[in-house]
Amino acid sequence: MLLRARSGTFLTFALAGLLTGVWVARMPALAGKFGTTEGEIGVVVLVWGLGAIAAMQALRGVMARAGSRAVLRVALPLTALSYVAVALAPAYWLLLVAVALFGMTFGITDIAMNAQGSVVEQAYRRPVLSGMHAGWCVGAMSGGLFGVATAAAGFGFTETVLAAALLSLPAGLALGRTYLPDPVAPAAPGTGRRARRMPAAVYLIGVLAFIAFMTEGSIADWSGLLLHDELGATEALAAAGYPVFELAMLLGRLVGDRVRTRVGTRRLLVGAGLGTAAGMTVVVLAPTPAVAIAGFFVTGLVVCTVVPTTISLAGTAAPDRPAAAVAQVGAMGYGGLLLGPVVVGFLSDATSLRIGVGTVVVLALLIAAGARFVPLRRSADVAAAMPAARPRPGDPSDTRPEPVAA
């Protein structure tokens with residue numbers, strides 16, 4: 001049962017990553033389909049992100065009441081259907097409407113799959129969420145390769161996105177049978193507005209997620225230009241920067257849960273922040289493209305654990321409403337994903353691209369500093385440092401609550 005739920009959640013992350021990878025890889029084909037400028041494509045991306053954030057914030061209450069399993073069973077197929085609308089949009093303004101719907105359904109899917117991952121992690125009694133986020137990397141890389149293959153075969157944006165959507169719809173429906181029910185939340189003390197307020201810890205964790213997403217978004221959007229414009233790399237070599245970063249993210253997330261179990265949550269976050277700052281310092285000061293790409297690899301290897309860890313912490317920071325807490329942290333993270341590239345672009349115009357990208361070093365140091373103040377539930381910290389002993393089934397001394405946060 002647990003293995004099926006873990007595998008199903010991993011595949012859900014992979015499916016979401018695949019849709020994103022196809023979307024990013026065929027963005028040039030989208031521009032060609034509608035004859036849009038770079039600014040108009042920027043509006044498309046912005047509408048998608050704003051739709052995701054709006055849905056995340058608006059449906060926190062629904063997540064808290066219905067639970068991640070019920071929401072995900074509806075949101076994942078709807079995401080595939082909205083992807084069909086994106087593929088078939090005949091005009092630019094209708095594309096914006098379809099992209100807004102896609103962003104909203106995708107945002108709901110994102111928070112629901114992270115909340116479901118938290119449910120599975122609590123049932124396992126040890127960190128497993130980083131490994132699930134590795135599924136996202138697998139999906140994103142697969143989606144990118146699918147985009148490359150369809151482009152080489154001469155397929156346009158419509159055919160490529162439509163094929164991905166039609167493959168995703170039955171997969172999304174089938175995965176709905178694998179999810180675990182959300183644990184029954186304890187009754188929250190008090191009533192009224194005060195009872196519905198999120199603990200301050202959730203917002204502190206959200207700030208770390210915001211910074212981590214800013215870091216990842218900045219690297220995704222600006223790595224190629226830094227390699228090409230500042231270091232003189234060819235277009236082919238410059239394009240390799242982000243895939244190398246994603247490959248390192250995948251490798252890091254595959255072992256991230258074991259590292260967290262061994263060193264503990266706080267040390268992991270501090271180390272990830274310092275390691276990211278070191279890796280990006282190498283990138284900013286690199287004399288050649290090869291050195292910069294090596295710096296991107298190091299950065300991906302260490303920064304990859306921050307987002308899964310913040311989602312895991314969110315699931316335990318508000319025991320009475322874990323799904324809503326995950327939604328809040330996810331929404332704050334997406335805000336950073338949108339804002340980060342904009343900040344880097346503004347600073348790059350005002351100074352230089354090296355300085356603009358160098359802001360990632362500062363962001364990483366903020367992660368390391370902020371990790372020292374993240375409140376950890378004692379049971380969560382113990383579980384992350386040492387797996388709990390399991391009494392034999394039926395042992396009357398087994399009085400542990402189910403599930404215990406990891």
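The values are calculated or read from the model by the stated rules, or taken from the named source; none is laboratory data. Treat the numbers as computed from the prediction; the structure is a model and nothing was measured. Methodologically, a virtual Cβ is constructed for each residue, glycine included, from the backbone with ideal geometry; neighbour enumeration extends over all protein chains shown. These area figures cover heavy atoms from the full protein model, side chains too; ligands, DNA and RNA do not enter into them. Shrake-Rupley method; radii C 1.70, N 1.55, O 1.52, S 1.80 Å.
Computed values, structure above
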read-out	value
Some residue of segment 302-317 being within 25 Å of V119 (Cβ to Cβ) and open to solvent by 20 Å² or more (accessible area, probe 1.4 Å)	yes
Odd one out for P90, checked against (1) outside any helix (DSSP H, G or I); (2) within 22 Å of the chain's Cα centre (by Cα)	(2)
Some residue of segment 198-205 being at pLDDT 80 or above, of a type in the set (A, V, I, L, M, F, W, C), part of a helix (DSSP H, G or I) and exposed (fewer than 15 other Cβ atoms within 10 Å of the Cβ)	yes
Filter result for L94 (closer than 22 Å to G39 by Cα, in contact (Cβ under 8 Å) with a residue 12 or more places away in the chain and surrounded by fewer than 24 Cβ atoms within 10 Å (Cβ to Cβ))	no
Given (1) touching a residue at least 40 places away in the same chain (Cβ under 8 Å); (2) open to solvent by 20 Å² or more (accessible area, probe 1.4 Å), index of the condition V283 fails	(2)
Of all residues in segment 1-26 being over 20 Å from the mean Cα position of the chain (by Cα) and of a type in the set (A, V, I, L, M, F, W, C), the one that is least open to solvent (accessible area, probe 1.4 Å)	L2
Which listed residue is modelled with pLDDT of 80 or more, crowded, with 21+ Cβ neighbours inside 10 Å and either over 23 Å from L337 (Cβ atoms) or in contact with a Lys or Arg (Cβ under 8 Å, 6 or more places away or on another chain) (or both), from G35, G67	G67
Residue within segment 38-61 that is over 19 Å from the mean Cα position of the chain (by Cα) and open to solvent by less than 10 Å² (accessible area, probe 1.4 Å) present	yes
Condition met for D320 (over 24 Å from E121 (Cβ atoms) and either outside any helix (DSSP H, G or I) or open to solvent by 10 Å² or more (accessible area, probe 1.4 Å) (or both))	no
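Okay, residues lined up against (1) crowded, with 23+ Cβ neighbours inside 10 Å; (2) at pLDDT below 90; (3) within 25 Å of F13 (Cβ to Cβ):
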| residue | (1), (2), (3) |
| --- | --- |
| F213 | yes, yes, yes |
| I219 | yes, yes, yes |
| E235 | no, yes, no |
| A240 | no, yes, yes |
| V244 | no, yes, yes |
| A248 | no, no, yes |
| V259 | no, no, yes |
| L274 | no, no, no |
| A278 | no, no, no |
